[in-house]
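For reference, the structure is listed below as structure tokens.
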Amino acid sequence: MSAVALPARPGAVAGVKNTLTLAWRSLVSVKHNPMELLDLSIQPIMFLLLFTYTLGGAISGSTSAYLSFALPGILVQNTIFATMNIGILLNTDLTKGVFDRLRSLPIARWAPLAGRIAADTVKQAWSVALLLGVGMLLGFRVQTSFWGVLGTFGLMIVFCLAIAWVAVLVGVIASEPDKVQIFMFAVVFPLTFTSNIFAPTESMPHWLQHWVKINPVTIVADAVRGMLNGGPVATPVIQSLLWAAGFLVVFAPLAVWRFRRRV
Amino acid sequence: MTNAIVAEGLVKRYGSTVALDGVDLAVRTGSVLGVLGPNGAGKTTAVRILATLLRPDAGRATVHGLDVVKDAHRVRSLVGLTGQYASVDETLTGTENLLMIGRLIGMSRKDARARAARLLADFSLSDAAERAAKTYSGGMRRRLDLAASLVGRPRLLYLDEPTTGLDPRARIEMWEIVRTLVADGVTVLLTTQYLDEADQLADEIVVIDHGKVIAGGTPAELKSRTGAQTLAVRPVDPRDLPIVLSVVGEVTRSTPEVDDNVVIAQVTEAAALPAVVRRLDDAEVEVAELTLRTSTMDEVFLSLTGHRAELTPEVAAP
Ligand SMILES: Nc1ncnc2c1ncn2[C@@H]1O[C@H](COP(=O)(O)OP(=O)(O)OP(=O)(O)O)[C@@H](O)[C@H]1O
Ligand SMILES: [Mg+2]
């Protein structure tokens, strides 16, 4: 019977194809899910406009000076928020039974997760490009070179691939998508605001500065500032990569373990 | 005739809940097996094991000779699963949902597109093909879900309560779809809480309760054993209840129940109804209500097990 002629498990090539199909699915669904498009486009632009024009003068003396300070930070914040969406989408798949459907198909076991993350990388690149574009319209100028911009994209994507595992873990543990949202507000919001993305560290109370200085959000924002505005690059980039490695080493195994237990 | 599915001694526990307690099943190739059981009987658990989504704690199962645990990947390419709750991606259109599956199982873009269009047409979803599935009605979602499990032309199809929650018309449409598939040679394993559904569709039925198979056979065998129909008689005067009770008991050769002045008994022969009418007439009992209807799950259980199919309290999610 033909059944026995079937491969015992999917090959790597088939797995990559599965991943691409599932990434396609994630991207197409944005079309029918305006809320996600809003998260990916309007929200970062709104943050950029609001902070630049309301706080810019107070913090940096002028909106244009503030823009070069805040834009790199908003890029980082946006990456973090958007990556947390992986958790919500993953959880929706788990609770709505889409994962059962996928698992009942003869596809690579890791493809659904990889597909989500691959799609997320594309969405991130879109958000970064959009923010840079709108920033330029508002008067932001890259002071370094093309390589600085490329480095920014690269670092954002590496960082997003690392923190994606936090999102995966939360998405797998949570019993419903709303709970993932709650985690966002309770943990991710304070985490991004207790950094130097909107205001310089020195303007904060002393006790808070200790945390702000080691907050990965600050470090990655500093790295992006270096790459776009000039200034120190090597130290914050290395520290950012260390943080990314840390997230990966701690959360990837945890997430995969919980994921296997759940599905 | 060979068996498409064979399960032996399947056991699955969730903490202290025993969802399956040694279930044996066999489904002949090309036939329909109906797995009948009340809420919490273990139907979904059994289906999920046979679909490779769950590992049994003990026992084994094969699909066309392939072990569902050791050869899971191969089993997946033979089986289509339509779960109890529609598992379509609500943010995709009907076409996109089917396209995704076609591509995942290795079809070319062109073939996947053609297959999607064909299935949507077969399931009367062409008009809604380009709408996001979240705008679909419950019946449409079910049909899309079923279409999704048929993209790869599986030789075996699992349907977990395919009509629960559907209105009567949608239910009958679903039955028609299943019959068409069976005519095309697909082997079907179907779970249901409705005796009439199993009766309509299945070649063989197994009844499960508390994770155990408590009865099995063809629908005809099962009906003759359990009484597929229920007779209910209510006398105008409650004082006639003892007479009604004895008449019904004698005709149906069973011990009827009395519930709120209604005498209820399981009937296995069509001749029972006129016999009861005649004898009550002879006894000059005036009857306010006399009905013959398909037995409910509950009543079948009562006659099979002597206890009512009690609802297992839902165990809190882990
Ligand atoms: N993930 C789980 N965790 C804990 N208990 C579970 C889990 N899944 C099922 N059970 C329990 O196992 C038993 C069998 O459940 P199952 O879903 O197989 O029943 P069913 O026959 O499909 O019921 P229904 O008609 O309600 O769909 C039930 O007591 C249920 O509470
Ligand atoms: Mg069930």
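Derivation of every value follows stated rules applied to the coordinates shown; laboratory data play no part. Nothing here was measured: the structure is a model prediction, and the numbers come from that model. Neighbour counts run over all protein chains shown; Cβ positions are idealised from the backbone, glycine included.
Give the lysines whose C-alpha is closer than 21 Å to that of residue B:12, dropping any in the same chain fewer than 8 places away, or say none.
Filter leaves B:43, B:70, B:212.
Along the three principal axes, how long is the protein assembly as shown when you take its alpha carbons, biggest first, rounded to the nearest angstrom?
Computed over the protein assembly as shown, the largest-to-smallest principal extents equal 106, 58, 46 Å.
Taking the alpha-carbon distance from residue A:213 and a cut-off under 14 Å, which aspartates and glutamates remain once sequence neighbours fewer than 8 residues away in the same chain are dropped?
Partners found: A:202, A:222.
Could you check what % of the DSSP bridge pairs in chain B are antiparallel, to the nearest 5?
65
Considering only C-alpha atoms, what is the centroid distance from segment A:14-86 to segment A:184-206, in Å?
17
Going 7 Å from the Cα of residue B:292 toward and past its Cβ, which residues in segment B:202-239 have a backbone nitrogen under 19 Å from where you end up?
Within reach of a label on residue B:292: B:220-235.
What's the FRET efficiency of residue A:242 with residue A:207 using the Cβ-Cβ distance as r and R₀ = 22 Å, to the nearest 0.05?
My answer for the efficiency is 0.35.
Calculated FRET efficiency, residue A:194 and residue A:20, Cβ-Cβ r, R0 41 Å, to nearest 0.05?
Here the calculated transfer efficiency is 0.60.
Here is the link list: A:17/B:134; A:96/B:134; A:96/A:179. Which ones come out longer than 21 Å on Cα distance?
Pairs exceeding 21 Å: A:17/B:134.
Taking 20 °C and 1.002 mPa s as the conditions, I'd like the Stokes-Einstein D for segment A:32-262 in µm²/s, using the Kirkwood hydrodynamic radius from alpha carbon pairs.
Answer, rounded: 117 µm²/s.
Charges only on Cβ, +1 for Lys and Arg, -1 for Asp and Glu: so what's the dipole of segment B:54-122 about the Cα centre, in debye to the nearest 20?
Charge dipole, segment B:54-122, about its Cα centre: 320 debye, nearest 20.
Which ordering of B:5, A:173 is given by a fewest-first count of other beta-carbon atoms within 10 Å?
Sorted ascending by nearby Cβ count, the order is A:173, B:5.
Quote the FRET efficiency, to the nearest 0.05, computed for residue B:169 versus residue A:179 with a Förster distance R0 of 41 Å and r equal to the Cβ-Cβ distance.
Plugging the Cβ-Cβ distance into 1/(1 + (r/R0)^6) gives 0.60.
Straight-line reach from residue A:31: which aspartates and glutamates fall under 17 Å, measuring Cα to Cα and dropping same-chain residues less than 8 apart?
By straight Cα distance, residue A:31 reaches A:39, A:120, B:89, B:90, B:96, B:130.
From the residues A:68, A:199, A:174, which one has its Cα farthest along the dipole of chain A in the positive direction, the dipole being from +1 and -1 charges on Cβ of Lys/Arg and Asp/Glu about the Cα centre?
A:174
Quick one: compute the contact order of chain B, relative version, from alpha carbon pairs under 8 angstrom and 6+ residues apart, as a percent.
20
Based on Cβ point charges of +1 for Lys and Arg and -1 for Asp and Glu, what charge dipole magnitude is obtained for segment A:179-263 about its Cα centre, in debye rounded to the nearest 20?
Roughly 600 debye for segment A:179-263.
Take every Cα-Cα pair in chain B and report what % of them are more than 33 Å apart.
Every Cα pair in chain B considered, those over 33 Å come to 36 percent.
For every helix of n ≥ 4 consecutive DSSP H residues, a contribution of -39,500 (n - 2.57) applies; sum these over chain A, divide by its total residues, and give [θ] at 222 nm rounded to the nearest 500 deg cm²/dmol.
Calculated mean residue ellipticity at 222 nm is -26000 deg cm²/dmol.
Roughly how big is the protein assembly as shown's charge dipole about its Cα centre, with Cβ charges of +1 (Lys, Arg) and -1 (Asp, Glu), in debye to the nearest 20?
3060
Which residues in segment A:106-126 place their backbone N less than 16 Å from a point set 7 Å from the Cα of residue A:262 along the Cα-to-Cβ direction?
Within reach of a label on residue A:262, which here means backbone N under 16 Å from a point 7 Å along Cα→Cβ, segment A:106-126 contributes A:110-117.
Relative contact order (percent) for chain A, with alpha-carbon contacts under 8 angstrom and 6 or more residues of separation?
26 percent.
Using the Kyte-Doolittle scale, which helices in chain A average at least 1.0 and also have C-alpha atoms spread 27 Å or more along the helix axis, with helices defined as whole DSSP H runs?
A:111-138, A:146-173
Counting only the backbone N, which residues of segment B:221-249 are under 14 Å from the spot 7 Å out from the Cα of residue B:270 toward its beta-carbon?
So the set is B:229.
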